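Structure first, commentary second.
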Amino acid sequence: MAEIVTMHSLLERSERLYESTEIQSALTQIAEQLTAHYAERNPLILCVMNGSLMTLGHLLPQLAFPLEIDYIHASRYGDETVGGEVKWFHQPASSLAGREVILVEDIVDQGHTLTVLRQYCLEQGVKSVSCATLVSKADVEKVGEPPEFIGLTVPNRYVFGFGMDYEGYWRNLPDIYAISKQDE
């Protein structure tokens, strides 16, 4: 467990990349795109925990069409700042067979976790699977298919806030930050 003083220091040294108003604008853009594509399709939205809880919470009120929600939890990071093997924590309770599934992600870095999640959905017999992510890292070599709906791009740095954490902390921030070079 990190010391609170350390977490405050980290935040003070970090660079704010996006303010909450910019984030809300990006979520509105994603909501408009999702509405145009899925309004008549009865999609199942899978919230990719824990990071996208905040993203989905802000996105849902903007989706004015019938949909269902469940969650999925797999991560390469846990509370770490470096990704490893994808670990499974929860698979959806809902049947995915024949459904149009939208994975809602907080961030897509290289795409390893997204690739595993898409493969899982396909193995469950989905009709289609797409991904809406609040953040995608620029200038990073990606694997698999990129997200279909992207809100914001960030540089290839460790970012946190608005659902994304730093060692388990700061998911609750309304803005998105990049840690300073000295903390990388």
Antiparallel DSSP bridges in the chain: what percent, to the nearest 5?
30 percent
What list do you get for LYS87, LYS142 if you sort them by fewest beta carbons within 10 Å?
LYS87, LYS142
Charge dipole of segment 17-183 about the Cα centre (unit charges at C-beta), most positive-ward option of GLY51, ILE72, TYR120
TYR120
Would you please classify the overall shape of segment 17-82 from the alpha carbon gyration tensor, given that a ≥ b ≥ c denote the square roots of the eigenvalues, rounded means a/c under 1.5, and beyond that prolate means a/b larger than b/c while oblate covers the rest?
oblate
Simple label model, 7 Å out from Cα along Cβ direction - VAL143 to PHE65, nm:
3.2 nm
Which of these, SER130, SER75, SER20, has the largest mean-square fluctuation under a Gaussian network model of the chain (Cα springs below 10 Å)?
SER20
Over segment 28-184, what is the mean sequence separation of C-alpha contacts under 8 Å (at least six apart), divided by residue count, expressed as relative contact order in percent?
22 percent
Taking the Cα centre of each part, how many Å lie between segment 23-60 and segment 111-177?
13 Å
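All of the numbers you see were taken from the coordinates with simple rules; none came from a lab. Computed from a predicted structure; not experimentally measured. Quick reminder, even Gly has a Cβ in these numbers, built from the backbone with ideal geometry, and neighbours come from all protein chains shown.
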